[in-house]
1. Take the Cα of A:E646, step 7 Å along the line toward its Cβ, and report every residue of segment A:820-854 whose backbone nitrogen sits under 15 Å from that point.
2. If we count other beta carbons within 10 Å of each Cβ, what is the order of A:H55, B:H79, fewest first?
3. Can you tell me what percent of all Cα-Cα pairs in segment A:14-117 are more than 16 Å apart?
4. What is the ratio of the Cα radius of gyration of chain A to 2.2 N^0.38 Å, where N is its residue count, to two decimals?
5. How much of the DSSP beta bridge set in segment A:875-966 is antiparallel, as a percent to the nearest 5?
6. Calculate the mean, over all residues of peptide A:748-760, of how many other protein chain Cβ atoms lie within 10 angstrom of the residue's Cβ.
7. What aspartates and glutamates sit close enough to A:K836 to cross-link, taking a C-alpha to C-alpha distance under 20 Å and skipping anything fewer than 8 places away on the same chain?
8. Over 23 Å between Cα atoms, which of A:K329/A:K414; A:K329/A:K412; A:K381/A:K441 qualify?
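Every number here is computed from the coordinates shown, using simple stated rules; none is lab data. If you're wondering where the values come from, they're calculated on a predicted model, not measured in any experiment. FYI the Cβ positions are ideal-geometry reconstructions off the backbone, even for glycines, and counts take in every protein chain you see.
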Amino acid sequence: MSKNLRITNNQFIDKTTRISFKFDGKTLYGFKGDTLASALLANNIHLVGRSFKYHRPRGIMTCGSEEPNAIVQVGNDASMTEPNTRATEIELYEGLEASSQNCWPSVNFDIGAVNNFFSPLIPAAFYYKTFMWPARFWQLYEYFIRKSAGLGKSPTEPDKDIYDHRYLHCDVLVVGGGISGIIAAKTAAKNNLNTVLIDDKNNLGGTTLFQKNECFKINNSYSNEWLKKEIETLNSVENLTIKTRTTLAAYHSYNYLLARENLTDHLDLNEKKNKVRQRLWKIRAKKVIIATGAMERPLIFNNNDRPGIILSSSIKKYMDYYGVKCGQKISLFTNNDSAYETAITLSDSGVSVNSVVDIRDKTNSLIVKQAEKLGIKIHWKSTVVNTNGYKKINSIEIMKLSDDGAGVVGKKIKEECDCLGISGGWTPRVHLFTQSGGKLKFRDEDSVFLPYKSELDQISIGSCNGDFELDEVIKNSVNSTNKFLKVNNNDYQNLEIISSKEIDKKNIWLLPSDKPLGKTKPFLDFQNDSTAKDVKLALTEGFKSIEHVKRYTTTGMGTDQGKLSNMHALGIIAETAGVKMGELGTTTFRPPYTPLTFGAIVGRNVGEFFDITRKTPMHDWHVENKAEFENVGQWKRAWYYPIGSENMHEAVQRESKAARDSAGILDASTLGKIDIQGSDASEFLNRVYTNAWSKLEIGKCRYGLMLNEDGMVYDDGVTTRLSENHYLMTTTTGGAANVLSKLEDYLQTEWPELDVYLTSVTDHYGTVSICGPNSKKILSKVIPGLDLSDKEFPHMSFKNALIDYINCRVMRISFTGEHSYEINIQSSYAKSVWEKCFMAGKEFNITPYGTETMHLLRAEKGFIIAGQDTDGTMTPVDLQMDWIISKKKYDFIGKRSLYRSDTIREDRKQLVGLLTEDPKEILEEGAQIVAETNKQPIEMIGHVTSSYYSPNLNKSIALAVVKNGKKLKGQKMFVPMKDKTINVTITDTVFLDKENKRLNA
Amino acid sequence: MFLINCPYCGERDQSEFSAGGEAHIVRPKQPTELSDDQWAEYLFMRKNIKGVQFERWNHAHGCRKWFNMVRDTSNDKIHAVYKMGENPPIK
């Protein structure tokens, strides 16, 4: 660029370190200390993006987190690119690559800009209204709308960066390192309170840091010099931790706060590697002091969105902090005193100020007088009615305001300029306060919402609490902090402060133009392109609630959450609807304050740390033997063991046949195991299971069904009586934790009188299950001394035994219907016992089988799986398991519910068996069942819950729940599928060995 | 996120706890003698008020003990925690 837009002397920019970066593919240069925004402005680049709806050219408007326009995509690596970042917050680093969003093919020539010419045809909610009908076309519309509505690109590959989470506990958290935050933090720390001060910028000081003006002095120094000395002393203050580049994202109840610290975003590309990029701090603070300051408001007038229109205070910051001139001929437009500070700064730095347009009649404050003394021209009681220039502002049109402020009068003056600074007053940043549940009040005098009531131990100080004058900021911050912390800090009591006072205040939410509103474009939400016209239209169309208007017009719904001009939307709504702003209220400010990366949210919980994986003691054996695994809760369970090129079906058929023909071996370690001890253990089981337990002999096992209090089946499993007062309960794999919690709940809250102790021992024992006609022979090889005769060791009993001098428990129980044993042994020995059984079984072709075969085998026997054949709506009666409900017991969990009017209905869905007409046809689990096919609408009377092809029966079998199913046995039904209808017959649930002969085979 | 003062362990983060619904609902001693309506009252009916509420909580990722809590649902202030079986310290 030919123009030199840098001023020579600047303390915040390191002019000795030049940094190269790319914007939209073009290499540019800035200095260390620049933000992307300041570096672009120094290169005279204002146009950085296109607006969302009309694709109007947009430029940098602010210098902070409220930026609505300068939203860029950073990085072009498929794993490291980040959309929607604010150029005003990106610290410049060597190698930075950024590009404009929402434009195609380029920001300078954007095809979507035709929308701007059609804008009269695109009112609020245009998309909702137009693309409603016909409904089936929506898929088509959506494709094109999404394509044209670009809000950046998501990375397509996993994020390579490292993110962190940490906890932080402190007595006092101070949010915001401006002048009030510094005073508060120092006061707290000096009084021995463990204090943390955070600020989102790379250094402390806020706006006072570069406030060098005769009108603002403390103890005879410029306010910035006084503050600089204060900051220098901070390093020596004990009990104080300072975190810069740290943004408070969320403020929850109980003073729980989330803050994101940027650790490497400002580093050069080659320095970033292998470092933690961002850290999310989870903060618990006893007390919170919010000192987040205020942000300047724009003004709402015709064509107020052109590149080159910048908040007046931001122009000042770009000049005083970054040493960058936003233009060479700058005009200012204001309703308050702060624009004069900018005018004076510009004038002092040799930038020509065309004029200040002020909507007020006249004012005589200290700072205005100073500006007048410098010869700055002021248009009193005037407004900007229009701006010109497509990709950059080149002139403004000024007219006098009428006495009531509702219209304009007199002659139009045209003023050439290359930048327009606007100031509509100040909005306290109350976002965090309201996030924490605080209630706001409205101050009519300068139209601001202020913190009012909070349930938490917190205060707001400084300009976020509505103090805008330097002397008030200091005085009130000191007093509030002392009172809040119950301390008496005198360090700031006798300061001599000079501060210009704003005397006259005037505000017009929507400034008038010489053209009717319909012909103007006064933008309210710059990112989402909603205008004052849209908001008024919404009100005309009957929207009253501010929350509805917001959603209808999308005002405040961009990535900036409308930080900049929500207040104007509220003001215009209140005015149009004729209500007071204080009564209208605000929309809800929701966390995060600025967008958080997903990386920061998930921290280290990615990849293998995403969730816990539980593995059984025999897991490695399964891996070595090529098992496929299935996830059951957090467990990895062997699913099937394919040999060679077998697919799942082939493997399961082979495994199932082997288990019934000779022997199978299953890893049952994942079943939940609860050790139950105490003198009331039997009574306890009586109360939690539907069947009776008192008479169960020591050494015997029993199957139990557990209900919820509503009578629905909750879990099932076999429980063994190990001794008089000692039981071992097994639960389903997935239900283990919940069953334990439920039992604990009853013990602690309903039956504290019972002497019962529960211990989860799931992980302590590994379980090897051997089944099949040869299982007895195999076990006798593994444990030679054990008497396995049916008399000594019958079905549903248990024995203590030794395997190589190690104690184990052997249960003769069966989930397959085969003669079967389960060996429970301390986990560390389980793998070797498994291998021992496998070796012993070799001569019988013992076949390892997984969960799929287990499910098939039990389905042949009609055994249910709680959670697969039940779904929280099945009673034991529905399952045709009436036999397990004790008639004698006075009470058990769920008993009373079994004869409620709803549970005794005959047409409840009940568990039945299904056989297909074609025995080769396998039903799909979840398929619906109907009684007739030609009725419309067709009535679904049930669905398939389990379905397999049984190699032992050579036919397809299924379990299903069907309305009134018990009475429908033998009836033909239909299972309509996408391409055919399958004929089925309702049968008994037991398909194989109804007499249970195999158990004792 | 609350900070809950477990009566057994002291102040802990809410993430260690699980909520268990309304407190002081006693399981009927003789359910079989209740009518459908009376049983349904116990089984299904729970208060959900704006204001001070008595709740059951479990220190699920801690001592696993159940206890009671008095919480104002309008501002999440916890007025008291007390052990199971104890009477509420406030009305």
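1. Within reach of a label on A:E646, which here means backbone N under 15 Å from a point 7 Å along Cα→Cβ, segment A:820-854 contributes A:845-854.
2. The most exposed by this proxy come first: B:H79, A:H55.
3. 55
4. Relative to the 2.2 N^0.38 Å estimate, chain A comes out at 1.25.
5. So the antiparallel bridges in segment A:875-966 amount to around 100 percent.
6. For peptide A:748-760, the averaged partner shielding equals 2.
7. A:D620, A:E624, A:E655, A:D667, A:D787, A:D804, A:E822
8. A:K381/A:K441
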